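Structure first, then comments.
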There are 2 protein chains.
Amino acid sequence: MDIESIADKREINAFAEGFRHGLPLPAGMDPHFEESLRHVLDTPGSLVRPRIVFQVATAYAVADSCAKQLAIALEYFHTASLLFDDLPCMDDAAQRRGAPCAHVVYGEAGAILTALALINRAYALSWRALAGCAGQVQSGALDYLEQRLGVGGLLYGQSLDLHYATLPHDRETTERIACGKTVSLIRLSLVLPAIAGGANAREIQLLERVAMCWGLSYQIVDDLKDVFQGAAETGKTGARDLLLDRPNMAFAVGIPGAVKRLTHLIRLGDRSLKCVLATRPALGFLAKLRTDLEDELVRVTQNACATTMWEQP
Amino acid sequence: MDIESIADKREINAFAEGFRHGLPLPAGMDPHFEESLRHVLDTPGSLVRPRIVFQVATAYAVADSCAKQLAIALEYFHTASLLFDDLPCMDDAAQRRGAPCAHVVYGEAGAILTALALINRAYALSWRALAGCAGQVQSGALDYLEQRLGVGGLLYGQSLDLHYATLPHDRETTERIACGKTVSLIRLSLVLPAIAGGANAREIQLLERVAMCWGLSYQIVDDLKDVFQGAAETGKTGARDLLLDRPNMAFAVGIPGAVKRLTHLIRLGDRSLKCVLATRPALGFLAKLRTDLEDELVRVTQNACATTMWEQP
């Protein structure tokens, strides 16, 4: 293991600890509720979002403690959205993050209360993280949070996703849903800490573009993984998109079309990324993230070449 | 109709308008989602909570616009909690506020997204309402909001309620659940606007006591209504507590016991109310609320005398 991966591992462990202890559970709680919360808090995901939040915040000189609060807040919002998404009335998934879904173990109501507890804490951590900002920066950041999570953001994507069966199964619809469901949280991860750190309008615009391109790319990678990989590798119930008629770029435009779109989006993101890095060199870690995304693309397309199961429509 | 009830009616209409338009729906929303939101926003409840919030805030000289935002925010939290509560995995109710429940018309997933939209807006309105407060007042108010809604407040009550079948069906358990589920929002309505208006520790303590007594009383009145009245009168599915083995003070200690407890709580609240009114005469409207509560008690106990269906256990 090289020094970089040891540092990475340490950083991930620190965020896993932050995730685990970021929502204090009072004594005398209902034991079922406590167990359900511990189940979720003890099973963090890849923690890629909080690491991005923290690094962007640091690049904009946001205080360490505020950057950490914001990072954990956004991971709680993300986790809550997955808890809802996995419910029988939505995706009806059985596995998440390598463990049984909360609703499978603690019932639907238990999973809903757990998600609401994460959400309540996430809003509280967000405004605490932003409490020290100047008035206009603070209100701008909180407005942005509301918009990305609300009826024009994450919830917009979720609602379209629910009625996907009645919508055209084309690229436009697939991307509208991804813009709401996936990109909203990627935008929050990249842009919100920059707003909190007082980024100017031009920087925010560039980061928005990077977030849009990467968010859509990330979703396509996820779609391709759903097609090629089983539960063992992704840690969640596999090949569900086909089974449940869920939006998936590979079904909308074929596998080669999805790979082409992904490559285009990564290149498009590169243009904005270049300008961002020229303006704010402290965001250099984004170049590494960009490489990781391309590595994923290569890995997934190798899978695509190796399989004969799916063909271009 | 006397002048007072005309003024009341006007005030209720104003809050109904605020409730209806407090969550702007952007163009291009998913039509199912928009319909579900409109269904809920067009069916306000009694609006007693926002009226209390507004009047307490006004008594503490909180600016009108902030008082209104806070009032609508708390009504959105309350409405969202009812949307979750009515789901098949919780109370499985069919009617709410004189209309079919959202989950009946728009499905469980639709009702959940609607509740989350209200919650997102409610947090945003809350911090906007509190944005102008001094730093310590603001953080105190936001901490209080987090506590009342979180794992030690509303969610605590909901989680106990879910597992009521496994708990002792006594007064203590019934009140612990009511403290979480009902009293949390009454406390928010009475105390949060006072905190926002810079009330001192003594006033907050007194208002807390009034809120506890009235919140528990309000729950007992609701429990007795569930026993005596059908769907026609309460606007929700009737006699569900018995059917679903839900906590109800009348089942825990018998109807005379419940009425006795209610009378005791009202008298206990009177002591703190007297001190509050001596300190802050602008809160005079609370005396009227206190009378309304006693009127309800009289009305319900008259029902109790008129029926022979239920007997003391």
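Worth pointing out:
- Being under 26 Å from residue B:220 (Cα atoms) and of a type in the set (Val, Ile, Thr) is not true of residue B:114.
- Failed criterion for residue B:49 (all others in (1) surrounded by 15 or more Cβ atoms within 10 Å (Cβ to Cβ); (2) closer than 30 Å to residue A:162 by Cα hold): (2)
- Taken over the range B:1-31, the criterion of being within 14 Å of chain A (Cβ to nearest Cβ), modelled with pLDDT of 95 or more and crowded, with 18+ Cβ neighbours inside 10 Å is satisfied by B:22, B:23.
- The listed residue being out of contact with any His (no Cβ under 9 Å at 6 or more places or on another chain), surrounded by 18 or more Cβ atoms within 10 Å (Cβ to Cβ), on the phi < 0 side of the Ramachandran plot and more than 10 Å from every other protein chain (Cβ to nearest Cβ), out of A:176, A:171, A:187: A:187
- Residue A:124 of a type in the set (Gly, Ala, Ser), more than 7 Å from chain B (Cβ to nearest Cβ) and outside any loop (DSSP other than H, G, I, E, B): no
- Top-ranked residue of the range A:143-160 - restricted to ones that are facing another protein chain (nearest Cβ under 9 Å) and among the charged types (D, E, K, R), ranked as nearest to residue B:113 (Cα to Cα): A:146
- Helices (runs of 4 or more DSSP H) enclosed by the range A:1-101 - at least 3 residues per element that are more than 22 Å from residue A:141 (Cα to Cα) and not acidic (Asp, Glu): A:3-21, A:31-41, A:64-85
- Unmet criterion (only one of (1) surrounded by fewer than 24 Cβ atoms within 10 Å (Cβ to Cβ); (2) more than 7 Å from every other protein chain (Cβ to nearest Cβ)) for residue B:115: (1)
- Tally, over the range A:59-88, of residues that are over 22 Å from residue A:158 (Cα atoms) and surrounded by fewer than 18 Cβ atoms within 10 Å (Cβ to Cβ): 4
- Restricted to the range A:115-150, and to residues there that are over 19 Å from the mean Cα position of the chain (by Cα) and among the polar types (S, T, N, Q), the residue that is farthest from residue A:83 (Cα to Cα) is A:136.
- Within the range B:35-49, residues that are touching a residue at least 24 places away in the same chain (Cβ under 8 Å) and over 13 Å from residue B:24 (Cα atoms) reach partners that are basic (Lys, Arg) and assigned to a helix (DSSP H, G or I) with beta carbons closer than 9 Å, at six or more positions or on different chains, in the pairs B:44/B:20.
- Options B:80, B:63; residue that is of a type in the set (Gly, Ala, Ser) and more than 14 Å from every other protein chain (Cβ to nearest Cβ): B:63
- Pairs where the first residue, in the range A:81-108, is within 12 Å of residue A:45 (Cβ to Cβ) and the second is surrounded by fewer than 17 Cβ atoms within 10 Å (Cβ to Cβ), C-beta under 6 Å, 6+ apart: A:97/A:235; A:98/A:235
- Filtered residues of the range A:89-112 (kept if surrounded by fewer than 24 Cβ atoms within 10 Å (Cβ to Cβ) and among the β-branched types (Val, Ile, Thr)): A:104, A:105
- When residue B:97 is tested against the conditions (1) under 30 Å from residue B:253 (Cβ atoms); (2) facing chain A (nearest Cβ under 9 Å), the lone failure is (2).
- Residue check for residue B:258: farther than 19 Å from residue B:48 by Cβ, touching a Lys or Arg at 6+ places or on another chain (Cβ under 7 Å) and modelled with pLDDT of 90 or more: no
- Test: residue in the range A:165-173 that is in contact with an Asp or Glu (Cβ under 6 Å, 6 or more places away or on another chain) and among the aliphatic types (A, V, I, L, M): yes
- Hits in the range A:122-141 (condition: crowded, with 18+ Cβ neighbours inside 10 Å and more than 15 Å from residue A:62 (Cβ to Cβ)): A:122, A:123, A:124
- Of the residues B:101, B:89, the single one that is touching a strand residue (DSSP E or B) at 6+ places or on another chain (Cβ under 9 Å) and of a type outside the set (A, V, I, L, M) is B:101.
- Residue count for the range B:131-142, restricted to those that are hydrophobic (A, V, I, L, M, F, W, C) and at the interface with chain A (Cβ under 9 Å from one of its Cβ atoms): 2
The values are calculated or read from the model by the stated rules, or taken from the named source; none is laboratory data. Here the structure is a predicted model, which is why all the values come from computation and not from measurement. With ideal geometry, Cβ positions are generated from the backbone for all residues, glycine too; neighbour counts draw on all protein chains shown.
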